[in-house]
Amino acid sequence: MKKVFIIGANGFVGGYLIKEYIDSGYEVIAGDTSDSFRYDYDVKYEKINILDKENIARILNQYKPEYLINLAAISSVGLSWKMPEQTINVNCIGTINILECIKENLPECKILLIGSSEEYVQKDTPLKETDVLDANNPYGISKIAR
Ligand SMILES: NC(=O)c1ccc[n+]([C@@H]2O[C@H](COP(=O)([O-])OP(=O)(O)OC[C@H]3O[C@@H](n4cnc5c(N)ncnc54)[C@H](O)[C@@H]3O)[C@@H](O)[C@H]2O)c1
């Protein structure tokens, strides 16, 4: 059974994504900063903080997942104005920590990072990843910077 490790699992997207992976036959390991998992799925849960490289490395080496999805973020524009430093730390430094830990410990692991429409010039038609980048808030800037 393929293993996927989902960080930021207690958030809005985590609740849906974990179900998709379970239904598709994956073993899911969920991680977030809280002591416990908030969703009612039968998966392993680990307390993890992506600002702590040793914590990430220990858990990666324990489970050795084939896939890692990073949902962990300060994930709203409003919050990013209230906590700009924390937004850059979690969204940028946290992402770098994960990438460094994967490179050092589990180089075969495939990683998915999540972007945002806030990275781009807003328009009425659907956005493409090739569109011009132009964030005007700390959240969008942190997503471009990763
Ligand atoms: N929900 C959306 O509509 C949407 C749209 C575009 C992009 N995204 C992106 O998708 C991802 C998931 O979004 P969401 O709506 O589930 O966000 P969310 O805010 O609901 O969940 C984020 C989770 O990350 C966790 N987290 C925060 N700091 C952490 C840290 N230091 N270490 C570990 N975990 C930490 C939080 O505890 C939370 O459970 C985010 O990267 C977000 O920017 C979401």
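Worth a mention:
- Scanning the stretch 127-140 for residues that are of a type in the set (Val, Ile, Thr) and touching a residue at least 24 places away in the same chain (Cβ under 8 Å) yields a count of 0.
- The residue that is farthest from the ligand (Cβ to nearest atom), counting only those in the stretch 75-94 that are small (Gly, Ala, Ser) and either under 12 Å from SER142 (Cβ atoms) or touching a Lys or Arg at 6+ places or on another chain (Cβ under 8 Å) (or both), is SER80.
- Single residue of the stretch 24-46 satisfying the filter (crowded, with 19+ Cβ neighbours inside 10 Å and hydroxyl-bearing (Ser, Thr, Tyr)) that is nearest to the ligand (Cβ to nearest atom): TYR45
- Some residue of the stretch 57-74 being part of a loop (DSSP other than H, G, I, E, B), under 17 Å from the mean Cα position of the chain (by Cα), free of Cβ contacts under 8 Å to residues at least 40 places away in the same chain and within 13 Å of the ligand (Cβ to nearest atom): no
Okay, residues lined up against (1) away from the ligand (no atom under 13 Å from the Cβ); (2) surrounded by 12 or more Cβ atoms within 10 Å (Cβ to Cβ); (3) at pLDDT 95 or above:
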| residue | (1), (2), (3) |
| --- | --- |
| ILE96 | no, yes, yes |
| CYS101 | no, yes, yes |
| ASN105 | yes, yes, yes |
| LEU112 | no, yes, yes |
| SER117 | no, yes, yes |
| TYR120 | no, yes, yes |
| LYS128 | yes, no, no |
| GLY140 | no, yes, yes |
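The values are calculated or read from the model by the stated rules, or taken from the named source; none is laboratory data. As the structure is a computational prediction, the values presented were derived from the model and not from experiment. Neighbour counts run over all protein chains shown; Cβ positions are idealised from the backbone, glycine included.
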